[in-house]
Amino acid sequence: MADWPNLHVSQHPAVRHKLGILRDVTTEPKKFREVVRELSWLLGYEALADARTRPLTVRTPIESMDGEELADRIGLIPILRAGLGMVDAMLELMPTAQVWHLGLFRDERTLRPVEYYNRLPDSATVDLCLILDPMLATGGSATAAIEVLKRWGAVTPVRIKLVNLIAAPEGVDAVTAAHPDVEIYCAALDRQLNDRGYIMPGLGDAGDRQFGTGHTG
Ligand code: PRP
Ligand code: URA
């Protein structure tokens, strides 16, 4: 196994349990969306473990005390479509985060990402960008999203993290080679890609399974 210092694979039993439900071919879209949301919350919790806080005085019913509040300004970048299902849970964790949608789809023939939508604001007024996408397969979409963010101004001291549910070694390699400064948080690191660029064992097509658009015939 390669050594990726920027890769964090969750070891939490609740994550491993929920991932089994997500992978199951019989899990219907409603349940699938619920579990995407629950896993996103748990992974977001781990990805934010080093977020910065600032001191805040809190008055309890008993006395005043030194408390803390989140200081990092956070931008959430869901990659359309499949990343949409991760947004609500992240906003529960960080209600003040901004959400910037980025539309990328993978050309089925070339497996290269195609950008079709971009709602980034004019300037990068955040400290931490979290890219949300359930699947890191070839890494083409993630690398393209990181490049869009860096061109836009998300460069040091702004940090970029990638939050995925399932990653393939090929995708981790590609992101790490191009952007070693980007930390990757995922629920599982799977075996490899098949010849159509799908993760094995994976969960199939994350967008289709959330939105019920899979082929039935
Ligand atoms: C999926 C997934 C990622 C991408 C991963 O999206 O949500 O964005 O593929 O593959 P890669 O690492 O090889 O780029 P897809 O292109 O199927 O679009 P969708 O979310 O609209 O279904
Ligand atoms: N995109 C998906 O939705 N699933 C994969 O396995 C690979 C790319």
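Out of the residues in the stretch 1-28 meeting the condition of being of a type outside the set (A, V, I, L, M, F, W, C) and surrounded by 16 or more Cβ atoms within 10 Å (Cβ to Cβ), tell me which one is nearest to Ala142 (Cα to Cα). Before you say what the answer is, go through the steps one by one.
Just the residues of the stretch 1-28 that are of a type outside the set (A, V, I, L, M, F, W, C), to begin with: 3, 5-6, 8, 10-13, 16-18, 20, 23-24, 26-28.
Subset that is surrounded by 16 or more Cβ atoms within 10 Å (Cβ to Cβ): 6, 8, 10, 18, 23, 27.
Values: Asn6: 14, His8: 16, Ser10: 19, Lys18: 24, Arg23: 21, Thr27: 26 Å.
Among those that are of a type outside the set (A, V, I, L, M, F, W, C) and surrounded by 16 or more Cβ atoms within 10 Å (Cβ to Cβ), it is Asn6.
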From Asp195, Asp208, Asp181, residue being in a loop (DSSP other than H, G, I, E, B), free of Cβ contacts under 8 Å to residues at least 24 places away in the same chain and either within 14 Å of ligand 2 (Cβ to nearest atom) or open to solvent by 40 Å² or more (accessible area, probe 1.4 Å) (or both): Asp195
From Ala71, Ala89, Ala82, Ala97, residue being crowded, with 19+ Cβ neighbours inside 10 Å, of a type in the set (Gly, Ala, Ser) and in contact with a Lys or Arg (Cβ under 7 Å, 6 or more places away or on another chain): Ala89
Conditions (1) more than 16 Å from the chain's Cα centre (by Cα); (2) open to solvent by 50 Å² or more (accessible area, probe 1.4 Å); (3) modelled with pLDDT under 95; number of the one not met by Phe105: (1)
Search result, residues across the stretch 109-142 that are more than 8 Å from ligand 1 (Cβ to nearest atom), under 22 Å from Asp173 (Cβ atoms) and buried (at least 21 other Cβ atoms within 10 Å of the Cβ): Cys129, Leu130, Ile131, Leu132
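Being of a type outside the set (Lys, Arg) and in contact (Cβ under 8 Å) with a residue 40 or more places away in the chain is the filter here; which residues of the stretch 93-107 pass it?
Restricting attention to the stretch 93-107, the residues satisfying the condition of being of a type outside the set (Lys, Arg) are 93-105, 107.
Within the stretch 93-107, Leu93, Met94, Leu102, Leu104 meet the criteria.
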Within the stretch 143-163, considering residues that are touching a helix residue (DSSP H, G or I) at 6+ places or on another chain (Cβ under 9 Å), within 16 Å of ligand 2 (Cβ to nearest atom) and free of Cβ contacts under 8 Å to residues at least 60 places away in the same chain, the one farthest from Tyr117 (Cα to Cα): Leu162
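The values are calculated or read from the model by the stated rules, or taken from the named source; none is laboratory data. Predicted model, so just to flag it, every value in this text is computed and none were measured. Counting neighbours? That spans all protein chains shown, and the Cβs are built from the backbone with ideal geometry, glycine included. Only protein heavy atoms, including side chains, enter the accessible area calculation; ligands, DNA and RNA are left aside. Shrake-Rupley method; radii C 1.70, N 1.55, O 1.52, S 1.80 Å.
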